[in-house]
Amino acid sequence: MNLRSPFAVPVVCAAIFIVAGGSGCSLVNRSGPVAPEVAEARRLCNEGLSAADRSDLVRAEGLLERAVEQCPLDIDARRHYAEVLWKRGERMEAVTQVNEAMKLSPEDATLCVQGGGMYLEMGLFDDAERLAREAVRVSPGSAEAWRLRGQVSLSRGQPEPALADFHRALAIDPDNRSVLLDTAEAYHRLNKPQRALATLAILGETYGPNQTPTDVLVMEGQAQEALGRLADAAESYKVAIARGDATTDVAARLATLERQQATMASGATSLLR
């Protein structure tokens with residue numbers, strides 16, 4: 001993606017006070033009416049977001065690229081452009097856009113979390129940790145900031161500090177599904193299946209009937225299996241497989257459990273005889 005040099009942008013763009021909002025392009029021109037260039041960037045940004053909502057990522061990418069070209073100082077346009085680029089698999093360009101946005105707003109915890117999450121998925125743990133710590137410093141009341149720091153520790157094989165960060169995140173946002181799932185994973189790695197199962201039970205209550213995601217059902221099965229509840233584990237795996245998006249490992253685990261149950265049943269019958 002070849003964006004025009006920021007020096008080619010109309011001078012009016014540099015005079016804009018930028019407000020980083022949760023959605024859309026929040027540009028506020030305090031010196032008077034919104035300049036045509038800014039209005040056009042806002043329009044392109046909003047159209048790009050609408051295209052992204054419709055899963056038309058190709059069109060969304062083009063529109064958001066034009067919005068950034070129109071006004072490179074628009075932090076929201078770069079943020080959303082990065083999101084779409086990431087979904088399109090253009091990871092390095094996505095990271096570049098987040099970094100450019102952070103240069104414009106270095107104290108933006110949301111950008112730190114966004115960039116840190118990207119680095120984490122790319123396996124760049126040092127960069128991910130740097131941004132996670134910065135996000136926590138800038139916004140200690142952000143559940144997502146603490147979650148990111150915990151995820152970095154978990155990815156490094158350090159479940160105890162990860163669990164502490166997840167608990168901090170839950171203290172801020174007790175019903176955060178992502179944090180609850182991460183917390184259950186930390187308990188699983190600490191070989192505390194009872195705590196993992198209790199956490200998953202809380203998570204399950206946030207979903208409607210028959211709406212529990214596959215990954216939650218699989219983790220339930222793992223915890224039940226660790227507790228020796230083989231029938232319950234098998235049932236969780238069956239429901240997960242019925243969702244249609246379970247991995248082949250789940251089917252293999254279910255087959256092993258069913259063989260174990262058959263062997264146990266056969267042995268019990270032999271004893272009775």
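The values are calculated or read from the model by the stated rules, or taken from the named source; none is laboratory data. Every value quoted in this text rests on a predicted model; they were computed, and no experiment measured them. Using ideal geometry, Cβ is built from the backbone for each residue, glycine included, and neighbour counts are taken over all protein chains shown.
Could you grab me the full set of residues in the range 168-208 that are within 23 Å of L227 (Cα to Cα) and among the acidic types (D, E)? Once the filter is applied, which keeps residues that are within 23 Å of L227 (Cα to Cα) and among the acidic types (D, E), the range 168-208 yields D182, E185, E205.
Residue pairs whose Cβ atoms lie under 6 Å apart, separated by 6 or more positions or on different chains, with the first residue in the range 99-123 and in contact (Cβ under 8 Å) with a residue 24 or more places away in the chain and part of a helix (DSSP H, G or I) and the second of a type in the set (D, E) and surrounded by 15 or more Cβ atoms within 10 Å (Cβ to Cβ), are C112/E134; V113/E144; Y119/D127.
When the residues of the range 144-178 are filtered to those that are among the polar types (S, T, N, Q) and under 24 Å from P213 (Cβ atoms), the one that is surrounded by the most Cβ atoms within 10 Å (Cβ to Cβ) is Q151. Only one of the listed residues (A251, A233) is buried (at least 21 other Cβ atoms within 10 Å of the Cβ) and either in a helix (DSSP H, G or I) or free of Cβ contacts under 8 Å to residues at least 60 places away in the same chain (or both). That residue is A233.
Just to check your reading of the model, which residue among G123, G141 is farther than 22 Å from T183 by Cβ, surrounded by fewer than 23 Cβ atoms within 10 Å (Cβ to Cβ) and assigned by TED's automatic domain parsing to the domain that holds R168?
Testing whether each residue is farther than 22 Å from T183 by Cβ, surrounded by fewer than 23 Cβ atoms within 10 Å (Cβ to Cβ) and assigned by TED's automatic domain parsing to the domain that holds R168 leaves just G123.
Among the conditions (1) modelled with pLDDT under 95; (2) touching a His at 6+ places or on another chain (Cβ under 8 Å); (3) not polar (S, T, N, Q), A196 misses just one, which is (1). Filtered by the rule that a residue be touching an Asp or Glu at 6+ places or on another chain (Cβ under 9 Å) and either within 20 Å of V136 (Cα to Cα) or in a helix (DSSP H, G or I) (or both), the range 185-198 gives A186, P193, A196, L197. Name the residues in the range 75-90 that are within 13 Å of G115 (Cα to Cα) and out of contact with any helix residue (DSSP H, G or I) (no Cβ under 7 Å at 6 or more places or on another chain), would you? E83 - this is the single residue of the range 75-90 that is within 13 Å of G115 (Cα to Cα) and out of contact with any helix residue (DSSP H, G or I) (no Cβ under 7 Å at 6 or more places or on another chain).
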